[in-house]
Each structure stands twice: as structure tokens, then as C-alpha cells.
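Below is one structure, written out as C-alpha cells, with a few remarks after it.
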Amino acid sequence: MASNSSFCRDGSLLSVVNGGNQVSVWNTATGRQVCRATGHWSTVLSTGWSEGWDQSNQKKRGSPLLAIGVENDGLIIWDIDQNEQCATMPVDGCGGVVSISWSGNDSLYVTDGSKLVYQWTVGSGSLERWKADKNGVSCLCVGERTLLTAGRSIKLWDISTQALIKRFTGHASNVMSLFFVNKNQFISAADNERNISLWNIATGGSVSLVCESNVLSVHGIEDEGQFKIGSVCDDGVVQLFEIDSYTKVPGPQEPAASLQFVTQSTSKQKVPLSIPVLALHVSSSPGDMVIAHTSVVRPVFETMPFKQSESHSLLIRTVPKGLLVPTPAPGSGGGSGSAGKGSVSIVSLSTPRTIRQDTGQDTGRDTGGDTGRNRLEEQVPMYQRLQSLSLLESDENDKRSKLSAESLSLLVLQAVHNDDKKLLEQVIRIDTKRVIDSTVRKLSITAIVPFLKALIDAIHVNPAKTNVILWVRSVLLNHTSYLLTVPHLLDCLSVFYQSMESRTALFNKMAKIEGKLDLLLAQSKADDDENDDEERLLTTPGAIVTAGEDEEDEDYNEGTSDIIISSEEEEEEEEDIMDTK
């Protein structure tokens, strides 16, 4: 979830990593480049802004200092006003700096991803270090008298004593964004996760802010009793959250509004393409929010109110030709599209909620002032899209083309929102495990629970459909962490649990019967083998047969018994003679 762009504390400057080994600094008010920090460096891993004023005399300096973490080259401090390097932190075993947090303008804390945290004083050049986490530190943030360090767990330290105050757990992967919103609360977001956590230091509890896709960067403040938090997601959508800071939040919070910048549709490109968002900065000034988008080569800055009138606004912008816009990495949640040779390559539109099919109009508003841009021209009907994806049955050809996970996730979202059972039935016919898992991982957070309920209903309608079980299994495995936060989920799944229990109730009895049958078959086979051995001995030529000896013994016994009987008769005859005499 690492972001290569960062605003300074007041939002007036933006640093952008360009080309991997140079950093350009832009003025957000004028949109012009202020300076470019470059040298004989390897890859730039992180940047961090100082406060921009001298704590010794409370005098405002011209511009804040920019710290640049470079792989294998330690840390470099760049003076924005002079446009030159002014200090370098000694390496001393510290590899590439992955996270930077300033304390004033002279002291800063960094980590290289190992178990150590480094405290460097720029003026004196002193360097201290202490062990923070045996599993490694991926992010840190300095408060007034405390320091937050984070890997998978977050730790709060006392800076003066370097003593551990409290530990916070709840993320499944390494935390990549961490900052205080006030003295008692802070925000964290982890790599490849959709949830943003708002933590309370006193209680140790947190509020989960649920985004529709993985979070790239996040920023927020507390203003007039409300937390204003904005996040940039990997599908190019900006999610905005408003939370009352004085009331207890009952459960996970969904965004109050969302924004997406897209190009204008043309005759060649029917569907508008999403424009990447680099970073955003939330403030309490009248402008409220500054968003940088389009390209790292020449970012475009827009200032707009944080509170939006629409739940989802689609803002259509014109991208200059020849301006390179990087496409996201594979698996980031969006595909790539091209408007033609020599033009812009940008992320494809990822959410169908931004377009109303009945009118072809966007659901948001255009702040650019051109009313002609508020209509998405020549939209392709959903029926034709389904035909192109071969999801509708055809009398001539029933073969289905290979579908991408992104296309299927959009169709699932469309079917769930419109309660289109026919479309859903066509989608869940897919029985390839790899495609199912990829599709489920790309689903919007808002569609997970409704889609799971629709799958359970499909099981009750036709229990013999094994492919539906594959979909249910994939949803439960890939979105376990989110489903655990959904209230009353057990009630929704109780019918499914009962159905599964009734189907598996006879399993133990059937297993016992199977064991007895196996035993009987084994005994029967043993008897058959014994009989076969005896027959083989009798029919084999030259075999030694011992039955004759037994017969002779029986004859001998019979002869002996006859002899005994005859002797007894002679004795009886002699006794009779004696009696006669």
C-alpha cells in the first residue's frame, strides 16, 4: 500500500517520486513545480516533511525540509528554498529507510523495516537507536511526547524513557499509514486491506472504516467535533468518511461520499476511463480538501469541499494528449485501457454505480463548469455487454468466452444491486476455482453480504448445484475479517448452518456402517483365499498328502477296539463256566 506522493503538513506542497530515483516538489496553489531533488541515488523508498518552522524562536521559515529515504544510501535532507541537499544521515547499518516522521525541524525518527527505530538529530548529527518490534517496523509516527511504531501490531512509546505504554492489535498485514488526528486518537491503514482503523488510545478500542477496495493512502483531521477522513483506493476512487468525535460509534462505518475522476467518452472509447488519484490532503481551511490526480509527471490539483452533496460523484476531466499516466500493477483492482495511439493510458472504470443506464448520465457533478460533460454519451447497453461476454444463452452457439475476474465482479455487483436473479444465475455457473477466487477478491465491500445471501438462496432452490458451494466457500474464506465485523451475520447464516448440519448429521453413522462393511468384506476375502489355497494343494501334482496317515491311525484304533471287545467276551464265558460248576 505504499504511496509515492505525500503532502506537507499544511497541504501547500506535494512531493512526488518520479522515475524511481528523483523527487519533484509541486506548489498545490499554482500547480507549478518548485524544485526537483535528484542525485546519484538508488531507488527512493519514502519521503517525509518537517513542520516548516524553527522551534527555537517560533519563527516561520520559508519552506519545510524534505527528508528522502533512499535504498542503500540512508537518509537525505533536501532544502526546498535552496534546492540543494543540506544534510545526510549516516548509514551505520541502516538500510533503505521505509518510513520517516519529523519531530519539529531538527529531529526525526526513521526505520528501515528491521526491528530497530533510529532517532537522528540533524543539527548535532547524533544518532540513537532502540529495539521496537522483533517482527520488524514498517511505519512510525511522532506525537507530542509519544511515538507510534507499527508492523502488524501497533505500539505506543514514551519518547523520553523509550518505555512501551500500550499495544494495539487488529491488522492482518503490515501497517503502511499511521498518523495522529488528536492527542488521544490516531488512524492506521495496512497493506492490501480495505479497512481503516480509528483508534482510541485511552480505551484501546477502534472504529473500522470500510472502503470498497484496498487503501493506498489516507489522511484526516478533527474539525468542529467531527473526524474528516479521506482515503485513496487502488481503483482510483476517493472515499470520504464523516464521524462524530463525541458520540460512540456502534460498528463499522461506510463512506459518506465517494469521488472518481474519469475521462470524457468519445466515439472510439464508449466507456469513460478512470483517472488515477495520487494523494489527498484534508484541512480545516475553506477549501477543506486538496486532491492531486492524473500523473506523477505533471499532477493536477483540485480544491473542493469535503462534504459532498451526492453519495457518489463522477467528475469528468480532460487529460492532455501525450501525458503519461501509469497503469496500476497487476492485481491492484483495475485494468488498463488506451484511448488510442499516442494518447493516454489509464485505469479502466471499475464501478458500475457511477453510470445510470437508463439515462446515461453520471451520478455526480462536474466542478469544471462545462455542463456538456455531465452526460456520458453513447453508452453500451447492458444486454450487449452480456452478449459480448457470452453470458446470455444463444441458440446458435452456447459456448462461453473466458471471462476476466474484473468483468465477473462487475456483473455480480450489477446483479446484486438490481436484484437480477437471472444474471446472477448466469454468473455463478462458473465453476473454475481460480476464477471464482479472483472474482470474489475483487468484489466491493457493499456487495459481499448481499451476494452471500443470494448464494444461500440459490442453494435452497437447487441443493445439487456444487458450483454454488464453491462460491460460498470462496466468499467465507476471502472476506473472513470483514464478515466478522458485520452485526447479526449469524442470524443471516443460521438457515445455511441448519441446512449444512442436516446434511452432515448422518455422516458418523454412515462412517460406522462403512467400517463394518469393510470388516466383513475383509473376512470374506480371507476365507476365499484360504479355500483357494487348499484347492491348489489338492490339485497340484507331486504334493505330499497326509490324509493316508490319518486313515491308518483310524483303522488301527478300530482294530484295537475289536480286540478289546473280544477279550471281554472270553472273560464272561469263563465266569459262566465257573458258575455252572
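Data for the structure
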read-out	value
Pairs, first more than 19 Å from D191 (Cα to Cα) and assigned to a loop (DSSP other than H, G, I, E, B) in the stretch 159-172, second aliphatic (A, V, I, L, M) and open to solvent by less than 70 Å² (accessible area, probe 1.4 Å), C-beta under 6 Å, six or more apart	I159/L147
Number of the exception - T30 against (1) farther than 21 Å from V142 by Cα; (2) surrounded by 17 or more Cβ atoms within 10 Å (Cβ to Cβ); (3) at pLDDT 90 or above; (4) not acidic (D, E)	(2)
Residue that is small (G, A, S) and touching an Asp or Glu at 6+ places or on another chain (Cβ under 7 Å), where the choices are S245, S285, S258, S231	S245
N182 in contact with a strand residue (DSSP E or B) (Cβ under 7 Å, 6 or more places away or on another chain) and crowded, with 18+ Cβ neighbours inside 10 Å	no
The stretch 208-266: number of residues that are within 17 Å of the chain's Cα centre (by Cα), of a type in the set (G, A, S) and not in a loop (DSSP other than H, G, I, E, B)	3
Tally, over the stretch 186-197, of residues that are open to solvent by 30 Å² or more (accessible area, probe 1.4 Å) and over 16 Å from S213 (Cα atoms)	0
Residue satisfying all of: in the stretch 196-214; farther than 14 Å from K248 by Cβ and among the β-branched types (V, I, T); modelled with the lowest pLDDT among these	V210
Matching residues in the stretch 103-121 - criterion: being within 30 Å of the chain's Cα centre (by Cα), surrounded by fewer than 22 Cβ atoms within 10 Å (Cβ to Cβ) and in contact (Cβ under 8 Å) with a residue 24 or more places away in the chain	G113
Of all residues in the stretch 198-207 being buried (at least 21 other Cβ atoms within 10 Å of the Cβ) and not aliphatic (A, V, I, L, M), the one that is nearest to I154 (Cα to Cα)	W199
Evaluation of N72 against (1) out of contact with any strand residue (DSSP E or B) (no Cβ under 6 Å at 6 or more places or on another chain); (2) modelled with pLDDT under 80; (3) within 27 Å of D288 (Cβ to Cβ) (one fails), failing number	(3)
Among (1) at pLDDT 70 or above; (2) open to solvent by less than 100 Å² (accessible area, probe 1.4 Å), the one test that E514 misses	(2)
Per-region count, the stretch 66-77, residues under 12 Å from I100 (Cβ atoms) and touching a residue at least 24 places away in the same chain (Cβ under 8 Å)	8
Scan of the stretch 284-311 for residues that are open to solvent by 10 Å² or more (accessible area, probe 1.4 Å) and either within 29 Å of the chain's Cα centre (by Cα) or farther than 21 Å from E242 by Cα (or both), ordered by number	V290, V296, V297, R298, V300, F301, K307, Q308, E310, S311
Subset of the stretch 208-248 that is open to solvent by 30 Å² or more (accessible area, probe 1.4 Å) and among the hydrophobic types (A, V, I, L, M, F, W, C) - its residue that is farthest from L314 (Cα to Cα)	I221
Of the criteria (1) open to solvent by 30 Å² or more (accessible area, probe 1.4 Å); (2) under 29 Å from the mean Cα position of the chain (by Cα); (3) more than 13 Å from L240 (Cβ to Cβ), which one L315 fails	(1)
Filter result for T161 (open to solvent by 40 Å² or more (accessible area, probe 1.4 Å), of a type in the set (S, T, Y) and either assigned by the TED database to the domain that holds S103 or under 22 Å from E193 (Cβ atoms) (or both))	yes
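The values are calculated or read from the model by the stated rules, or taken from the named source; none is laboratory data. Because the structure is predicted, anything quoted here is derived from the model rather than measured. Here the Cβ is made from the backbone with ideal geometry for all residues, glycine too, and neighbour counts use every protein chain on show. We work out accessible area using only protein heavy atoms, side chains counted, and drop any ligands, DNA or RNA first. Shrake-Rupley method; radii C 1.70, N 1.55, O 1.52, S 1.80 Å.
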